[in-house]
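Remarks on the structure that follows.
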Amino acid sequence: MTGRVDPRPYLWWLVSRASGIVALALISFSVVIGLLMATKLLRRPGLNRSLVRLHEQLALAGLIGITVHGASLLGDHWLKPGIKGILVPFAITYRPGFTGLGIIAGYLAMLLGPSYYLRRRIGTRRWRSVHRAAVLVWVLGATHAIGAGSDGSTVWLRGIVIGSGIPIVYLFVLRLLQSATGGPRRAPAAPAARRTALDHPGRGHMRRPAARKVTENERWNRPLDAPVTDP
């Protein structure tokens, strides 16, 4: 009868391993939801607001997972990366190429995640252009997981990467095609009923009421899928 393996010497490695996989899954779901909103494939009243909240929560949870993934390696007595190893890309001796890509992905995620709360300052159009780099975060993270992770050769981890990669690639290509052709197609609006003199006798020359000016607060609180008009 074999004795049980004491997990304590590998505790920090197990924490880093688990948090890295969870972070990749969370970021994958967040990117898929973001692309679904950008392509407007799902159109139901009130759905977009729910998707925005879910997208935001998944992204923030993914950032926490990335932080735990890197910080827990400081306790790994076998790897011994040190502060420099987890903060400086390609500085670590363990598979420096794939590990460096993971560090770059982490920095990009830390920059893009909180940018949602700064979109008033940087402008909605500019923020949306920058936010497309979220797909690059997934690409770098997936490459890091396969190349540097101890489970990179396993079927289940590759299944996670491929399973999340198929919808991400499809939606991203669709979004690029939509941008090249002028954006996603919108359902034509129902024509407004014409008010003629026959419909309203004596009102044939009524003036149309002036358009109400949109306030600054209303402009920034509009849905994310509303047309962008600011510079």
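The values are calculated or read from the model by the stated rules, or taken from the named source; none is laboratory data. Keep in mind that this is a model prediction, so the values were computed, not measured. Quick reminder, even Gly has a Cβ in these numbers, built from the backbone with ideal geometry, and neighbours come from all protein chains shown.
Taken over region 131-162, the residue count meeting the criterion of being more than 16 Å from I104 (Cβ to Cβ) and assigned to a helix (DSSP H, G or I) is 9. Whenever a residue of region 127-152 is within 20 Å of S16 (Cα to Cα), its partners that are part of a loop (DSSP other than H, G, I, E, B), lying with C-beta atoms within less than 6 angstrom and at least six residues away or across chains, give the pairs I146/G152; A148/R95. Out of (1) at pLDDT below 95; (2) part of a helix (DSSP H, G or I); (3) farther than 16 Å from G20 by Cα, what's the single condition that is false for P167? Tallying (1) at pLDDT below 95; (2) part of a helix (DSSP H, G or I); (3) farther than 16 Å from G20 by Cα, P167 fails exactly one: (1). Screening S129 with (1) crowded, with 17+ Cβ neighbours inside 10 Å; (2) hydroxyl-bearing (S, T, Y); (3) modelled with pLDDT under 85 gives one miss only, at (1).
Scan region 116-126 and give yes if some residue there is over 13 Å from the mean Cα position of the chain (by Cα), part of a helix (DSSP H, G or I) and of a type in the set (S, T, N, Q), otherwise no. Yes - at least one qualifying residue is present in region 116-126.
Identify, please: which residue in region 77-105 is in contact (Cβ under 8 Å) with a residue 24 or more places away in the chain and touching a Leu at 6+ places or on another chain (Cβ under 9 Å) and is, among those, farthest from R132 (Cα to Cα)? Of everything passing the filter in region 77-105, L79 is farthest from R132 (Cα to Cα).
For region 76-88, enumerate the residues that are surrounded by fewer than 18 Cβ atoms within 10 Å (Cβ to Cβ), modelled with pLDDT of 90 or more and among the hydrophobic types (A, V, I, L, M, F, W, C). I83, L87, V88, listed by residue number. Looking across region 23-75 at every residue that is more than 15 Å from the chain's Cα centre (by Cα), closer than 30 Å to D151 by Cα and among the hydrophobic types (A, V, I, L, M, F, W, C), the one that is surrounded by the most Cβ atoms within 10 Å (Cβ to Cβ) is identified as L73.
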